[in-house]
Amino acid sequence: MGRHPASCIPGMTYTRLAGSGAVAAPLGATVNNGRFVAHKDLRIKGVKATAEAAVIGANTNSVTLALRNLGADGSGTVDIATLALTSGVNLGADTPKVIPLSATAADLLVTAGDVLTFRQVKVGNGMNIAAMHGEVEYELQ
């Protein structure tokens, strides 16, 4: 008798990486990167961003990082986690930074088939931002 693959065990916690390229010039618009489709219903437990080079936050021209649930049809607007890179909020090189989860419990629930994307949202004129990846920790429901 075969064993069930780990991806089929409800209640287990898994981690998925969502890549994001560098923005050499100040971010000119919102960029969606690192999409993945939820293969089962899941609950997000944590989100982190790790940049390959330091990113220093600024109040006027900056970037907000987010993990967004685009839904199955790509039109979703729920931000599961967000982090504004404002003055004093920085990313260290190769150092994971926690992106705080939404305080709304329903925002953390993802339905099988939903598309999640790691977003970089321009604020003001934006800013230069290093290549990075998002790390999503989730639990199968």
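The values are calculated or read from the model by the stated rules, or taken from the named source; none is laboratory data. Since we're looking at a predicted model, the values are computed, not measured. Counting neighbours? That spans all protein chains shown, and the Cβs are built from the backbone with ideal geometry, glycine included.
VAL37 - would you say it is β-branched (Val, Ile, Thr), at pLDDT below 95, within 20 Å of TYR14 (Cα to Cα) and surrounded by fewer than 17 Cβ atoms within 10 Å (Cβ to Cβ)?
Yes; evaluated as a whole, the condition is true for this residue.
Would you confirm, using the coordinates I've provided, whether ALA66 is touching a residue at least 12 places away in the same chain (Cβ under 8 Å) and surrounded by fewer than 19 Cβ atoms within 10 Å (Cβ to Cβ)?
Spelling it out, it is not the case that ALA66 is touching a residue at least 12 places away in the same chain (Cβ under 8 Å) and surrounded by fewer than 19 Cβ atoms within 10 Å (Cβ to Cβ).
How many residues are of a type in the set (Val, Ile, Thr), under 19 Å from LEU85 (Cβ atoms) and touching a strand residue (DSSP E or B) at 6+ places or on another chain (Cβ under 7 Å) if we restrict to segment 31-56?
4
Looking at segment 43-55, which of its residues are out of contact with any helix residue (DSSP H, G or I) (no Cβ under 9 Å at 6 or more places or on another chain), surrounded by 14 or more Cβ atoms within 10 Å (Cβ to Cβ) and of a type outside the set (Ser, Thr, Tyr)?
GLY46, VAL47, LYS48, ALA49, ALA51, ALA53, VAL55
Could you tell me which residue of segment 89-118 is surrounded by the most Cβ atoms within 10 Å (Cβ to Cβ), considering only residues that are closer than 20 Å to SER62 by Cα and of a type in the set (S, T, N, Q)?
Among those residues, the one meeting the criterion is THR117.
Can you tell me which residue among ASP94, ASP79 is at pLDDT 95 or above and of a type in the set (D, E, K, R)?
ASP79
Could you please find all residues in segment 75-98 being within 15 Å of LEU116 (Cα to Cα) and under 10 Å from the mean Cα position of the chain (by Cα)?
ASP79, ILE80, ALA81, THR82 - these are the residues of segment 75-98 that are within 15 Å of LEU116 (Cα to Cα) and under 10 Å from the mean Cα position of the chain (by Cα).
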